[in-house]
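J.: One structure coming up, written as structure tokens, with questions to follow.
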Amino acid sequence: MEKTPQEHLETLAEIRNIMHRSTRFLSLSGLAGIFSGIFALIGAGVAFWYLKLNFSARAYYQYAMDAQGNMRLDFVTFFFVDAFTVLFASMVVSYYFSWRKAKRYGLQMWDNSTYRVMESMGIPLVTGGLFCILLLWQGHFGVIAPCTLIFYGLALVGASSHTLREVYYLGLCEIALGLMAMLALGYGLVFWAIGFGVLHIVYGWLMYNRYERA
């Protein structure tokens, strides 16, 4: 029996949906973005506490350098542990909520699209991480926060072709924020809190309401 035009359209729509799901990583969860943003704000809050809630540019230099002009090891250790804790917590919740979303909607958690996203993000993130370590080694810690925002934004833009389109716009916002932070050196922690905290929460809330809310 010959199919009707409506049935042909439904078949084409189903084929298109299958192709879209096979080439895009769709398991990204809005809740992961929200919790990652919250963790980032907590980490920034702890850093502000360490700096005695001083928002001025001098705070970094006041606590980072000793009387001889050398970088204090405890300053570097504190910020490394703080940043790593935020990163680890964000990765855990991102994996959990992405796994939960994939299971709920019958999506593949690990497939070719997943590896393409990891590859697209991995190169700029690793490059940015090494670049920031070299900046720290040379004592240019004032530009580290802007650079993390810029490289993270570039990673998101690169990976956006393999996942949801909203990731592209989040990446552009992170890049723009990083460039603005370069114009206000010494206030990088404020921009860092906005970029990794506030923007992630806003992005996660929009994603959750658009794709996941029942």
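Nothing in this text is a laboratory measurement; each read-out follows from the coordinates by a stated rule. Keep in mind the model is a prediction, meaning the values are calculated, not measured. We place every Cβ from the backbone using ideal geometry, glycine too, and count neighbours over all the protein chains shown.
J.: On full extension of the chain, what length is gained from LEU206 through LEU185, given 0.36 nm per residue of separation minus the C-alpha to C-alpha distance?
T.: Difference between extended and current length: 4.5 nm.
J.: Here is a further query. Return the FRET efficiency for the residue pair VAL81, VAL198: r is the Cβ-Cβ distance, R0 is 25 Å, and the value is rounded to the nearest 0.05.
T.: 0.65
J.: Given a Förster distance of 22 Å, report the FRET efficiency between TRP49 and VAL92 from their Cβ-Cβ distance, rounded to the nearest 0.05.
T.: After rounding to 0.05, the efficiency reads 0.40.
J.: Another one. Is the range 26-212 rounded, prolate or oblate when judged by the Cα gyration tensor, a ≥ b ≥ c being the square roots of its eigenvalues, rounded requiring a/c under 1.5 and prolate requiring a/b larger than b/c?
T.: It comes out prolate by the Cα gyration axes.
J.: Karplus couplings for the range 193-202 from phi (6.51 cos²θ - 1.76 cosθ + 1.60, θ = phi - 60°), rounded to Hz, Gly and Pro as x?
T.: 5, 5, x, 8, x, 4, 4, 5, 5, 4
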